[in-house]
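Before any comments, here is the structure.
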Amino acid sequence: MSEAHYARIAELYDTFVKTDYDVPFFIQEAQAAHDDVLELMAGTGRLTIPLIEAGISMTCLDFSAEMLAVLRRKLTERGLRAEIHQRNVCDFELGRQFTLIILPFQAFPELTDVEDQRRALQRIRHHLRPDGQFICTLHNPPVRLKYVDHQLRLAVREERADGGHLLVWLLQQHQPATQVVEVLEFFEEYNAEGVLVSKRYSALQFHLLEQARFEALITAAGLEVVALYGDYQKNPFIADTSPFMIWVLRPRAN
């Protein structure tokens, strides 16, 4: 994970990340849990806010102080509440267990070190009730790689309230030896006259975890598969074509 990356972009994040395709899925799963939900790598609350607005009690964890500051501000502005912890997903301890833990938005692969992946899954298993479930979403490597073309491309052109614009450029590069994708992000802010007033650069990496490799990790962590979906409509996972791997896991009985 890159603490520096999110520190640089926290105040811009909600401007260019407006994804909501997974919200109905997680609302349905969280409401079925009938309990407090632990959201890992919660960020600025892209998912947290609609879950709370749907009546779900949320406990949120993220390692980035800057991203959590945005989340706290949004909660205050909306008169909402959540329990928030600034912790690393690899070594957190909250002193209680949950019926449902979620790690959305394909964020787990940002743990590019295998040992970090193992540690995180062990901590998640530790925080799951015996009858609890953990939902972890991953990219499907062959489908995700279609968007990695080693070309600089304009990803977002967002008009600002003052008439200016935010432009986000992405350059994605794949390292086959490590199965790591590096995403170089370039942010340009222009005023209403089209004059560049701010520019910044940051980098993010994520690991393309294949199905068999992730299965080995969850088995080692004491977890087992309840379901594996290929999209947020709960269609079965198809290795060559599904956009995602949406894993529903539970503690394995000893």
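Readers should treat all values here as calculations from the given coordinates under stated rules, not as data from a laboratory. Since this is a predicted model, take the numbers as computed values, not measurements. We place every Cβ from the backbone using ideal geometry, glycine too, and count neighbours over all the protein chains shown.
Number of residues in the stretch 223-236 that are buried (at least 16 other Cβ atoms within 10 Å of the Cβ) and either aliphatic (A, V, I, L, M) or touching a residue at least 24 places away in the same chain (Cβ under 8 Å) (or both) equals 4. Report yes if some residue within the stretch 208-220 is small (Gly, Ala, Ser), in contact with a Lys or Arg (Cβ under 9 Å, 6 or more places away or on another chain), surrounded by fewer than 17 Cβ atoms within 10 Å (Cβ to Cβ) and within 20 Å of ALA120 (Cα to Cα); otherwise report no. Taking every residue of the stretch 208-220 in turn, at least one turns out to be small (Gly, Ala, Ser), in contact with a Lys or Arg (Cβ under 9 Å, 6 or more places away or on another chain), surrounded by fewer than 17 Cβ atoms within 10 Å (Cβ to Cβ) and within 20 Å of ALA120 (Cα to Cα). Taken over the stretch 1-52, residues that are of a type in the set (A, V, I, L, M) and not in a helix (DSSP H, G or I) amount to 8. Look at (1) within 17 Å of the chain's Cα centre (by Cα); (2) closer than 17 Å to ILE135 by Cα and you find that ASN88 fails only one, number (2). Residues in the stretch 149-167: is at least one assigned to a helix (DSSP H, G or I), of a type in the set (S, T, N, Q) and surrounded by fewer than 16 Cβ atoms within 10 Å (Cβ to Cβ)? No, every residue in the stretch 149-167 fails to be assigned to a helix (DSSP H, G or I), of a type in the set (S, T, N, Q) and surrounded by fewer than 16 Cβ atoms within 10 Å (Cβ to Cβ).
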